[in-house]
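Heads up, the thing below is written out as structure tokens.
Just so you know, all these numbers are worked out from the coordinates, no wet-lab data involved. This one's a predicted model, so the numbers in the text were calculated from it and none came from an experiment. Cβ placement follows ideal geometry from the backbone for every residue including glycine, while neighbour counts extend to all protein chains displayed.
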Amino acid sequence: MSKDVRVGVFVCDCGTNIAGVVNVPEVVKYAKTLDHVVVADEGKWSCSVDYITKLQDLIKENDVNRVVIASCTPRTHEPLFKRATKEAGVNPYLLEFVSIREQVSWVHMKEPEIATEKAKDLIKMGVVKAVLLEESQEIQLPVKTDCMVIGGGTAGMNAALHIARQGFNAYIIEREPKLGGLLNHICFISHDHHKIHAAKILKKKIDEIGKHPNIKVYTNAQIEKVDGYIGNYTVTLKTNGKSQKLDISTIIVATGMKEIEPEGQFEYGNDQRIITQLQLEKLIGMWNTQGENENVELQIPNTKLPIKDIVFINCVNSKNGSRGCCHVGCHNSVKNAITLKKLNKDIRIHILYRDLSMIKEEGEALEEAKRLGVKFLRFPDDQYPEVKIENGNLKLKVYDILLGKEFEMSTDLLVLTTGFSGNEGVDEIKGHLKVSTNSEGFFQESHVKLGPLEFPADGIALCGCAKTPISFKESCEEGMGAAMKASIPMKNGYIEAEGIVADIDLEDCNQCDLCSKRCPFNAIQVDDDKQPEVIKALCKGCGLCSADCPKECISIVHYTDEQIIAQVETALAENPEKKIIGFVCHWCALGGVDMAGVSRLQYPPNARLIRVMCSARVSMKMMLRAFELGAAGVLVAGCEFPTCHYISGNYAAETRVKRAKRKFAKKGYDPDKLWNVWCSAADGPKFANTMREMVKQLL
Amino acid sequence: MNDSILVIGGGIAGINCALNAAKYGTKVYLVDDTASIGGMMARLDKTFPTNDCSICIEAPQMFDVDNHENIEILTNTEVRKVKKVNGKFKVKLMKRAKYVDEEKCTGCGSCVEACPVSITDEMDGKVGGVRKLVSMPFPQAVPNVVSVDPQCRHGEMRKDGACIGDCAVDCSQCRECPIALCVKACEKEGKKAITLWQANKNLNFEVKSIVVATGITNAKPVGDLLGYDVYENVITNVQFERLMNAGGPTAGEVIRPSDKKHAKKIAWIQCAGRGLAEGRGVPYCSKICCMIAAKQTIITKEHDPSVETTIFYNDLKAYGKGFWSFYQKAVDNGVRYVRARPYEVFEEPESKNLTLQYEDLETGKLLKKEVELLVLSTGIIPNTRNKRLSKVLNIELDHLGFFKESDPLMSPLETSIDGIYLCGGSMGPIDIAESVVQACAAAMKAVVRN
């Protein structure tokens, strides 16, 4: 270790919150005795403006180049101290935060001496880590202003227009010969009370796009290859047999959806009077043009058979074992029923349904349909209507729940409200962009609730029906939202990542490719020789790759093996048989620890917690080291399933803990000493109980 | 700065709108009229259909908002006046005093411990939630500072044992206080952060666009609807959510109000009050209650599989991605779905159990069901602040009281005034993901406006 490492330790009283339990002067005195520590000080309120000034003075006066803050919790106060450290001329990555309020004084209130000893231990662990810390910095990756929008339907067109409005370039890649997607195939937009024809809306959008100098449209286009990453994509495009390359900065996926053909169901395909909703829209479009007559004569094309009775069956290929609710079926059927009634008020329409769920405006459409005389009939979830063709007539048998009776009815036209699946070409796009889809062929967003418009990998946004079926209005909104996501890096001109990133030492690398496959963010790219390279601006620093690397050649800045193992060794230097080493993830597990603190839940003081960004960072080697040194127990704590701030790190950690148990048992250690807990940030009691249980069973 | 935007409402929509705009490089004023940002989501236990812990996923975003140099958070703040001048908006806000110096308060909680008066919490009251007169809205609150109940300072809590309010002069006249225990506790910590003499503060600035993200409110059952006001063990679905929440009044124990015992038989009534006369219930489908019930039953079963859970419903709304399989998960876990609309609830005087009378819609039979705890899914209504705000902003509400888009199809999220945009629950019932989508879209509109 270089000789000029000079550590400053700053211990906070937090009024009486810490100092009321922990003997802070004694802790400060102890800190001064630790190797490399050149100054240690007590602050009444370390986060106050006056103390920050003093802290900065002390750093300068004593030429401190490693800072240890012992106070509340890094989850709330680390950014403040990082800024202060930086202003004092020390690289903020050379700061280590020790939590002696949430992990000590608030949870061991009745044992001041033991609390003081624990605080000393934690500070010593912090100092040992601080000594090994290395400088780092935020990493920037330049991003230019060329956005590729895959799919020229409602969502894609809206996205492109909003991108272009900012002066950025939008390239719309459309598989079909013309723009518009599903909008080409419908007559009216639902819950618009039939005021505007879909074709009019579409024409307006296409005109706007055509006029915009910053939008370039490629129709009949197919993507052959996508290389690179955000700011740096090279896309090979094939249009009308010719290949060309585009330099792209960001990507928006808006590939839409397609109606499922109900082949072999309800006699579909055996009679041209049995059609889907989209096919009905086509007929309506045809009938619509027959003038403004009072009552338009509805006929089946070709056969000219008159239509007096129409039956809709909803929830075809939806809400079953393999597919969910199609979300647009209910109001589509109501919308089309109203249109038909407006074309010819004498038409009899029955909508056979399972559930009708129509919110707000949709509910009003439902009332209108009822007023116009559309009949609704509910059938049981497990008893769909039966359809038969008898002597050329369409016959239905349906059980009406409300009346508890089975009905027979005949119809001139049967319309099936079928579900949707992801569009054709989804699998290719998925491969090109290295993103995932679900079993229904829809793209999987980065988080169902808070990341609906993006993929885990930076630079690729997602919108519209490519994700799940949604309405026209929702598609417009998603297009705009996705444009926002794609615009942020283009507006800034770069993306920035924190300096906590993976670093691969290629000397030992055996090109096994595991790291690039396992990275949830596509941040590790492999070149033609299978040499991995970390795109640092894309790396989120979870450490999954590092812990899994069979050659141990990946290190994570600020959380290196050496640093973490030094913390383990320091914690277990004395009385290891009484100590529990806990590896806790920064997000939820540490949130749970903090919650236990805020709630003043008292639990045994045996734990020495080591913070990692994600539980997936905890390698076998780290756990094993604690066993070798005789720890009473080892705990790996991560986010409660299914939450993980790195997509699935906790799942990887769980698998690894299971493997570690088997492996350690073979080595002669007691596998029951290795615990894990998956704890939400709100669940202080769960963490406190885990501590109590571990102490009860292991000590 | 005239290139900044104003976001009204600090729930999940407001937070996402602010974060996106700030990351884009726009200065954002994020205003909330409560003491913390976070909104409804901060009080939930889990989110459907994945059962993610709500605060676990929201808190990091709240934290990002707090630390973003482009965002200024203004809590306890109301928008008072908005005037459009030369295409920009001159806005006048009022920051209601928290009687706490937000710069000095560290959220340590010593004052809360010292406060002698506990009162029933507005949200959690029926399920045993109490708070002190000086309190933190919730542990992860942003900003992480306490606030003093104005009632206390105005002397209205004296009868409940409040330590202040008996003086000849009111608090605004003093600059220190020898009586208030919270002030003393804070001084003992060496902070002097509690300032009972703090006054409301007016703020004025100019912005180029405004995003309304005022969010949703859960409908309170009116009067004796299905026994709500009469029987102790009838609660709303939001109150049940608080019961499930490890950070809630019962630390996550599903215990019923009357005897604090774990409820073993629980029923949910969906669409409670729907279709009743005006003012008695919500006249439309709120679309998220079905999934809330599915979530609550699944979590209840996870806590204790022996609990019997029944959901009385009419139409099942499982409209979003993964919602249907979430419903199926509930069914697979043993949740009983009954297509029925209970019409009457009686309490058994001894046990305080509840007997529901209902017509099974599938069999037409009139049946009874006894449960220990009854949860009413009452639906989502417009926020009470919408009315006043619509006047201040001079934009329209629809007949239900939600904000109205001027042309939902051609220019979604826009209002009749150019430069004022809508997102999230301000326009109607909505779930978190949809709010986030609209928030991003509204942010896009707001930042590009010149």
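Quick notes on this one:
- For B:Ser390, neighbours were defined as the other residues whose beta-carbon sits under 11 Å from its Cβ, and their charges (Lys and Arg +1, Asp and Glu -1) total +3.
- Projecting the Cα positions of B:Leu93, B:Met40, B:Ser135 onto the charge dipole of region B:29-155 (unit charges on Cβ atoms of Lys, Arg, Asp and Glu, taken about the Cα centre) puts B:Leu93 furthest along the positive direction.
- Partners of A:Lys129 within straight-line reach, counting aspartates and glutamates whose Cα lies under 14 Å from its Cα and excluding those fewer than 8 residues away in the same chain: A:Asp35, A:Glu96, A:Asp121, A:Asp561, A:Glu562, A:Glu569.
- Over the residues of the protein assembly as shown, the helix contribution to mean residue ellipticity at 222 nm works out to -9000 deg cm²/dmol, using -39500 (n - 2.57) for each DSSP H run of at least 4.
- Inter-chain Cβ neighbour average for residues A:484-493, partner chain, 10 Å: 5
- Highest mean first, the peptides B:416-424, A:469-477 sorted by other C-beta atoms within 10 Å per residue fall in the order A:469-477, B:416-424.
- Cα-based shape type of chain A, given that a ≥ b ≥ c are square roots of the gyration tensor eigenvalues and the cut on a/c is 1.5: prolate
- Charges were assigned to the Cβ only: +1 to each Lys and Arg, -1 to each Asp and Glu. The resulting dipole of region B:1-93 about its Cα centre is roughly 680 debye.
- For B:Lys321, a cut-off of 16 angstrom between C-alpha atoms picks up these aspartates and glutamates, skipping any fewer than 8 places away in its own chain: A:Glu440, A:Glu445, A:Glu454, A:Glu474, A:Glu478, B:Asp52, B:Asp431, B:Glu434.
- Segment A:Lys245..A:Lys551, full-extension length gain: 106.4 nm, with 0.36 nm per residue of separation and the alpha-carbon distance subtracted.
- Its relative contact order, with pairs defined as Cα atoms under 8 Å and 6+ residues apart, puts chain A at 12 percent.
- Region B:223-381 - charge dipole about Cα centre, Lys and Arg +1 at Cβ, Asp and Glu -1, debye rounded to 20: 560
- Subset of A:Lys360/B:Lys301; A:Lys666/A:Lys686; A:Lys195/A:Lys308; A:Lys195/B:Lys92 violating a 29 Å alpha-carbon distance limit: A:Lys360/B:Lys301; A:Lys666/A:Lys686; A:Lys195/B:Lys92
- If you plug the beta carbon distance of B:Glu396 and A:Thr53 into 1/(1 + (r/R0)^6) with R0 = 41 Å, you get a FRET efficiency near 0.20.
- Chain B shape via C-alpha gyration tensor axes, a/c threshold 1.5: oblate
- Region B:72-105-region B:309-364 distance, computed between alpha-carbon centres (Å): 45
- Between the listed residues A:Phe266, A:Thr239, A:Val253, the Cα displaced farthest toward the positive end of the dipole of region A:230-272, a dipole computed from Cβ unit charges relative to the Cα centre, is found at A:Thr239.
- Rounded, prolate or oblate (a/c below 1.5 giving rounded, otherwise prolate when a/b exceeds b/c) for region A:1-52 by Cα gyration tensor: oblate
- Total charge dipole magnitude, the protein assembly as shown, about the Cα centre, Cβ charges on Lys, Arg, Asp, Glu only, Debye to nearest 20: 1120
- Along the axis of the charge dipole computed for region A:87-141 (Cβ charges of +1 for Lys and Arg, -1 for Asp and Glu, origin at the Cα centre), the listed residues A:Ala115, A:Leu95, A:Gln140 are led at the positive end by A:Ala115.
- Calculated FRET efficiency for the pair A:His197/B:Glu69, C-beta based, R₀ 51 Å, to 0.05: 0.60
- Note on B:103-110: average number of Cβ atoms from other chains within 10 Å of each residue's Cβ is 5.
- Legend: mean number of C-beta atoms from other chains within 10 angstrom of residue C-beta atoms, peptide A:352-361, equals 6.
- Rounded FRET efficiency, nearest 0.05, which uses the C-beta distance separating A:Asn288 from A:Lys388 and R0 of 30 Å: 0.45
- Cross-link pairs B:Lys295/B:Lys369; B:Lys23/B:Lys201; B:Lys104/B:Lys445; A:Lys110/B:Lys104; A:Lys60/B:Lys98; A:Lys335/A:Lys485 - those with Cα-Cα distance over 31 Å: B:Lys104/B:Lys445; A:Lys60/B:Lys98; A:Lys335/A:Lys485
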